[in-house]
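> After the structure tokens below, expect a handful of questions from me.
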Amino acid sequence: MMRARVIFGGLALIVLVLVVLVVRKELVLVHGTPVLLELAPVDPRSLIQGDYMVLDYAISREVRKPDDPFDDTTGDTGPNTEDGRLVLRLDENGVGRFVRRDAPGTPLAPGELLLRYKVRKGRVRLGAESFFFQEGHADRYDGAKYGELRVTEDGSSVLVGLRDAERQPLGGQVR
């Protein structure tokens, strides 16, 4: 009897955590500011995981300075990891441009917003580095030039779709 309670209690806790995570992402989708980020060249698919695109944002390359001590030989923890927020400014087309790394206590100027990032294995990651799509639809996304994210005030983000060079949606958008 006690064993069953522990098992069901554990399952209930797991379900509760999953619901909280989903609700947080939904809030980002509903209340987040739309931001377009220019893509660097992308990998069109992975045969092992199915049809998806690995996204490499141009802003990730801008953030990393040539003298940064990051290297590709470390794991996901250690001295060569970093978590923080970038400060972006949207241009007239809604494209986010890198301004600076956020420093605690530094206020944002009008028109600036935050975007969370992590540095792992020498790469600046924005949390939306993969875009999955229906099998056989890779040609719809070949012209992707921008990733569309929704970004909240604290810098949390969710990838909602891809856009072409004219900033028009490609394929199906989430919202």
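> Limited to the stretch 146-171, what total is found for residues that are under 19 Å from Thr33 (Cα atoms), in a loop (DSSP other than H, G, I, E, B) and either open to solvent by 40 Å² or more (accessible area, probe 1.4 Å) or among the β-branched types (Val, Ile, Thr) (or both)?
Residues meeting the conditions: 5.
Residue-by-condition table, conditions (1) of a type outside the set (A, V, I, L, M, F, W, C); (2) farther than 15 Å from Val95 by Cβ:
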| residue | (1), (2) |
| --- | --- |
| Leu113 | no, no |
| Val124 | no, yes |
| Gly127 | yes, yes |
| Phe132 | no, yes |
| Glu153 | yes, yes |
| Val158 | no, yes |
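> Looking only at residues that are crowded, with 16+ Cβ neighbours inside 10 Å and hydrophobic (A, V, I, L, M, F, W, C) in the stretch 26-57, which one is modelled with the lowest pLDDT?
By that ranking, first place goes to Val42.
> Which number in (1) modelled with pLDDT under 85; (2) over 15 Å from the mean Cα position of the chain (by Cα); (3) in a strand (DSSP E or B) marks the one condition that Phe131 misses?
Answer for Phe131: the failing condition is (2).
> Let me ask something else about it. Step by step: first the residues of the stretch 58-85, then only those that are crowded, with 17+ Cβ neighbours inside 10 Å and of a type in the set (Val, Ile, Thr), then the one that is modelled with the highest pLDDT. Which residue is that?
So the residue we want is Ile59.
> Continuing with this model, one more query. All but one of (1) assigned to a loop (DSSP other than H, G, I, E, B); (2) under 25 Å from Leu170 (Cα atoms) hold for Phe98; which doesn't?
That leaves (1) as the condition not met.
> Right, something else. Can you tell me which residues in the stretch 124-133 are touching a residue at least 60 places away in the same chain (Cβ under 8 Å) and open to solvent by 50 Å² or more (accessible area, probe 1.4 Å)?
Arg125, Ser130, Phe132
> Restricted to the stretch 79-95, and to residues that are more than 18 Å from Arg61 (Cβ to Cβ) and not in a loop (DSSP other than H, G, I, E, B), which residue is nearest to the chain's Cα centre (by Cα)?
Filtering the stretch 79-95 for residues that are more than 18 Å from Arg61 (Cβ to Cβ) and not in a loop (DSSP other than H, G, I, E, B), the one nearest to the chain's Cα centre (by Cα) comes out as Asp83.
> Would you confirm, using the coordinates I've provided, whether Gly136 is open to solvent by less than 70 Å² (accessible area, probe 1.4 Å), assigned to a loop (DSSP other than H, G, I, E, B) and over 18 Å from Ala40 (Cα atoms)?
yes
> Now for a separate question. Restricting attention to the stretch 101-128, and to residues there that are part of a loop (DSSP other than H, G, I, E, B) and under 20 Å from the mean Cα position of the chain (by Cα), which single residue is nearest to Pro169 (Cα to Cα)?
Per the criteria, the residue is Ala128.
> Are there any pairs with C-beta distances below 6 angstrom linking a residue in the stretch 16-29 that is in contact (Cβ under 8 Å) with a residue 12 or more places away in the chain to a residue that is open to solvent by 90 Å² or more (accessible area, probe 1.4 Å), with the two at least 6 apart or on different chains, and if so which?
Qualifying pairs under 6 Å: Leu29/Arg175.
The values are calculated or read from the model by the stated rules, or taken from the named source; none is laboratory data. Model, not experiment: these values are computed from the prediction. Methodologically, a virtual Cβ is constructed for each residue, glycine included, from the backbone with ideal geometry; neighbour enumeration extends over all protein chains shown. Keep in mind that these areas ignore ligands, DNA and RNA; they rest on the heavy atoms of the full protein, side chains included. Shrake-Rupley method; radii C 1.70, N 1.55, O 1.52, S 1.80 Å.
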